[in-house]
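Working notes for the structure below.
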Amino acid sequence: MAILSDTAICMRCWDYSETSQTVSLLTKEYGIIRGIAKGSKRNNGSFSGGFDPLTRGHIVARIKASSDLATLTEWQLEHVWWSTRNSLQVNKASIYMADLVGRLINDQDPHTNVFDSFSLALDRMDGGHDVAWPVLRFQWALLVETGYQPTLTTSGDELVVAFSSKIGGVVEDTGEIDRVRVRKETVEVLRLLQEDGPMQPIEPEAISRANRLLAHYLRDIIGKETAAMRWMFE
């Protein structure tokens, strides 16, 4: 039996009984941990009064090779991202990002960069930053970390190119059914992310188009359009 102690973001939680919960956590060093916290909702317990989605804290858990669920023994709440409760747009974006993590990352598969990118996106939105840019940066970081980073090579001076999820990036606009037309300026926004250069003034519409393009790509990777994706992009 392994015991782990780590910083974690609570992505989802469910009532298991009147006093207990099952929880899905993204930890910094151990990846996704799913577990049961017995007595977590008791005020005098070791769980800060219980788990809430989109909060950060310190977790202690026991991992059993014979069980899919860890036994959570301690949760020290450290931070609440209040904008996820006070802003509908931030709430949509946060749930969308958490849903992507749960679908693209395997349990107990460490991805420190995904944890950092998710935490940074939540911090920026909580600090009053526009939702679109943090979501775009997170989607890109998740694609890079999971090995699905799209290629962005273009040639010539075309104003419109195409994107193919099957091929995994920007391709020639031949009109084939598996290719989605995109503006070249949308590709330039993604290039800015790829180069990790300083932020430049970008038209909000260009960021929106880039977000939808990556969401389209992620939908094809996952194999379906999720409820969180529909809610986020309506």
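Rundown of residues vs (1) loosely packed, with under 14 Cβ neighbours inside 10 Å; (2) in a helix (DSSP H, G or I); (3) touching a helix residue (DSSP H, G or I) at 6+ places or on another chain (Cβ under 7 Å), yes/no style:
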residue: A98; (1), (2), (3): no, yes, no
residue: F115; (1), (2), (3): no, yes, no
residue: V144; (1), (2), (3): no, yes, no
residue: G147; (1), (2), (3): yes, no, no
residue: I177; (1), (2), (3): yes, no, no
residue: L190; (1), (2), (3): no, yes, yes
residue: L193; (1), (2), (3): no, yes, yes
residue: I202; (1), (2), (3): no, no, yes
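Criterion applied to L193, L152, L104 was being touching a residue at least 40 places away in the same chain (Cβ under 8 Å) and within 30 Å of R62 (Cβ to Cβ), and the one residue passing it is L104.
Taking the condition among the acidic types (D, E), crowded, with 16+ Cβ neighbours inside 10 Å and closer than 27 Å to A215 by Cβ, does D107 pass? Considered against the rule, which asks whether it is among the acidic types (D, E), crowded, with 16+ Cβ neighbours inside 10 Å and closer than 27 Å to A215 by Cβ, D107 comes out as no. In the set (1) under 28 Å from V144 (Cα atoms); (2) among the charged types (D, E, K, R); (3) surrounded by 15 or more Cβ atoms within 10 Å (Cβ to Cβ), the condition left unmet by K41 is number (1). State whether the residues of region 48-71 include one that is touching a residue at least 12 places away in the same chain (Cβ under 8 Å), assigned to a helix (DSSP H, G or I) and more than 18 Å from T27 (Cβ to Cβ). No; the residues of region 48-71 include none that is touching a residue at least 12 places away in the same chain (Cβ under 8 Å), assigned to a helix (DSSP H, G or I) and more than 18 Å from T27 (Cβ to Cβ). When region 208-226 is filtered for residues that are over 22 Å from I177 (Cα atoms) and without any contact (Cβ under 8 Å) to a residue 40 or more places away in the chain, nothing remains.
If you check E172, E188, E195, E158 for being charged (D, E, K, R) and at pLDDT 90 or above, only one passes: E188. In region 16-73, of all residues being modelled with pLDDT under 95, among the hydroxyl-bearing types (S, T, Y) and in contact with a Phe, Trp or Tyr (Cβ under 6 Å, 6 or more places away or on another chain), the one that is nearest to L122 (Cα to Cα) corresponds to S48. Scanning region 204-222 for residues that are surrounded by fewer than 19 Cβ atoms within 10 Å (Cβ to Cβ) and over 16 Å from V131 (Cα atoms) yields H216, R219, D220, I221, I222.
Give the residues of region 55-78 that are surrounded by 15 or more Cβ atoms within 10 Å (Cβ to Cβ) and of a type in the set (S, T, Y), sorted by residue number. T55, T71, T73, listed by residue number.
The values are calculated or read from the model by the stated rules, or taken from the named source; none is laboratory data. Just so it is clear, the model here is predicted, and its values are computed rather than measured. Every residue, glycine as well, gets a Cβ built from its backbone with ideal geometry; the counts of neighbours run over all protein chains shown.
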